[in-house]
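Trainee: The structure is given below, and queries will be raised subsequently.
The values are calculated or read from the model by the stated rules, or taken from the named source; none is laboratory data. Small disclaimer: the values here were computed from a predicted structure and weren't measured. All Cβ positions, even for glycine, are placed from backbone atoms using ideal geometry, and neighbour counts span all protein chains on display. All accessible areas refer to the heavy atoms of the entire protein, side chains included, with ligands and DNA or RNA removed. Shrake-Rupley method; radii C 1.70, N 1.55, O 1.52, S 1.80 Å.
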Amino acid sequence: MSSGAPDFRPRHQNDDQFYQVIDVRNPSKPEEIGRWWLPGTAEGDNEAPPKRHEAGKDTGFRPHNTNVYPERPDRAYLGYIDGGMVILDIADRAHPKMVSRWDYHPPNFGFTHTVVPLFERDLLIVSDECTRNDGADWPKLVWVVDNRAEENPVPISTCPLPPVNAFSSRGGRFGAHNIHENTPSPHCWHSDQIIIGTFFNGGLRAYDISNAYQPKEVAAFVPPAPALSPVGAIQLNDVFVDEREIVYTVDRFTGGLYVMEMDF
C-alpha cells in the first residue's frame, strides 16, 4: 500500500508517503513487515535528495497507486507521482529493492498514477493523473511501455486523445487518471488487448493495443455535465469492468455511478 507513518521523517513535506507492506494474516492485528521509499527522500538517507520539480509543479516523490499480481508475486508496480514509474523486487518483503525506475518528468508535469503489467506481452500500461483544471498540466497520458528488459523499461507509444483545445474549456480537468487494473479476481474482466481509462471531462475511453506501437481508440463515453457539479462538466474518475463485461465508472463530484455494456 501507499501509506505514511508517524515515525517517517521526509526531507520535504511533499514526500510524506512511502511503500508499505502489511501482514494481514491475522486481520484483527495487521502488522507492518516492510517499507520502501525513493532513496534520498527521508532524513538520514545516504543518497542525495532528488532534484525537485520547479515551484508550482512539485507534487511530491511518493507512491500513489501500488499493484501486485499473482503472475509475479515478487514484484510491485508503483505509480510514484513526481518520481515516475517504479518496479520493486518484493521477494524479501521486509527489504524491498528497486528493480527499475522510469521518470519522464520534467519535461512533463509530474503525477504518475497507475502501472498495470501485461505479463504475456512484456508490456506495462502507465497512466498519468491530470491534477489541474483547464488543461494547465497537459499532456496527461496513458503510456505503453516495453518491459522485456525490466531493468530498462522503454516507452513505445501513447493512447491518443482528442486535442486539448476541444476539452480544456469544458470545465474541470482533462487528461488521464486511472485505468482498469486487471485486478486478480474471478469477478474482474481481464484483457491485454483493450485498455479502458477515465479522462475526467474527456469521459471514459477504450483503446485497442493489439499493435502496441499504434494504439487505436475503439470506444468513448462522455456524459453531460451532472447537476450541481462544481466545475460544470463530467469528471469521470475511476473505472472497473466485471467478468460479464459490465463497465462501471464514477464522477469525481456529483455525477454518481454510470453502468454500461461493452459493445466492441
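Trainee: Taking region 145-185 on its own, how many of its residues are among the small types (Gly, Ala, Ser), touching a residue at least 24 places away in the same chain (Cβ under 8 Å) and closer than 22 Å to GLN214 by Cβ?
Mentor: First, pick out the residues of region 145-185 that are among the small types (Gly, Ala, Ser): 149, 157, 166, 168-169, 171-172, 175-176, 185.
Those left that are additionally touching a residue at least 24 places away in the same chain (Cβ under 8 Å): 157, 168-169, 171-172, 175-176.
If we keep only those that are closer than 22 Å to GLN214 by Cβ too, we end up with 157, 175-176.
Selection size over region 145-185: 3.
Trainee: Just to be sure I understand, how many residues within region 223-255 are of a type in the set (Lys, Arg) and over 12 Å from HIS177 (Cβ atoms)? Before the answer, list the steps.
Mentor: Kept after step one, since they are of a type in the set (Lys, Arg), are these residues of region 223-255: 244, 252.
Cutting the leftovers down to over 12 Å from HIS177 (Cβ atoms) gives us 244.
Going through region 223-255 one residue at a time, the tally reaches 1.
Trainee: Please verify whether PRO49 is part of a loop (DSSP other than H, G, I, E, B) and either open to solvent by 40 Å² or more (accessible area, probe 1.4 Å) or aliphatic (A, V, I, L, M) (or both), treating the condition exactly as stated.
Mentor: Values: part of a loop (DSSP other than H, G, I, E, B): yes; either open to solvent by 40 Å² or more (accessible area, probe 1.4 Å) or aliphatic (A, V, I, L, M) (or both): yes.
Yes, satisfied.
Trainee: Another question about this same structure. Name the single residue that is nearest to PRO73 (Cα to Cα) among those in region 6-23 being open to solvent by 60 Å² or more (accessible area, probe 1.4 Å) and touching an Asp or Glu at 6+ places or on another chain (Cβ under 8 Å). Talk me through it step by step, then tell me what you get.
Mentor: Going residue by residue through region 6-23, those that are open to solvent by 60 Å² or more (accessible area, probe 1.4 Å) are 6-7, 9, 11, 13, 16.
Still in the list and also touching an Asp or Glu at 6+ places or on another chain (Cβ under 8 Å): 9, 11.
Details: ARG9: 29, ARG11: 31 Å.
Across region 6-23, the extreme among qualifying residues is ARG9.
Trainee: In addition: Suppose we filter region 189-231 for residues that are surrounded by 13 or more Cβ atoms within 10 Å (Cβ to Cβ) and farther than 25 Å from SER157 by Cβ; how many remain?
Mentor: 5
Trainee: Oh, and also: Could you list, in sequence order, all residues of region 162-202 that are assigned to a loop (DSSP other than H, G, I, E, B), of a type in the set (S, T, N, Q) and within 16 Å of the chain's Cα centre (by Cα)? Break it down stepwise before answering.
Mentor: Filtering region 162-202 down to residues assigned to a loop (DSSP other than H, G, I, E, B) leaves 162-163, 168-172, 175-178, 180-187, 189-193, 199, 201-202.
Filter once more, keeping what is of a type in the set (S, T, N, Q): 168-169, 178, 182-183, 185, 191, 193, 201.
Listed by number, the residues that qualify are ASN178, ASN182, THR183.
Trainee: Report, ordered by the first and then the second residue, all pairs with beta carbons closer than 7 Å, sequence separation of six or more or different chains, a first member in region 200-212 that is under 16 Å from HIS190 (Cβ atoms) and β-branched (Val, Ile, Thr), and a second member that is at pLDDT 95 or above and open to solvent by 10 Å² or more (accessible area, probe 1.4 Å).
Mentor: ILE209/GLN193; ILE209/ILE195; ILE209/PRO215
Trainee: Within region 56-65, identify whether any single residue is open to solvent by 20 Å² or more (accessible area, probe 1.4 Å), free of Cβ contacts under 8 Å to residues at least 40 places away in the same chain and not small (Gly, Ala, Ser), and answer yes or no.
Mentor: Within region 56-65, the subset open to solvent by 20 Å² or more (accessible area, probe 1.4 Å) is 56-59, 62, 64-65.
Retained after the next criterion (residues that are free of Cβ contacts under 8 Å to residues at least 40 places away in the same chain): 56.
From what is left, the residues that are not small (Gly, Ala, Ser) are none.
No - not one qualifying residue is present in region 56-65.
Trainee: Further, regarding this structure: Hey, among the residues in region 151-181 that are surrounded by 14 or more Cβ atoms within 10 Å (Cβ to Cβ) and out of contact with any strand residue (DSSP E or B) (no Cβ under 6 Å at 6 or more places or on another chain), which one's farthest from GLU217 (Cα to Cα)?
Mentor: Filtering first and then ranking leaves GLY171.
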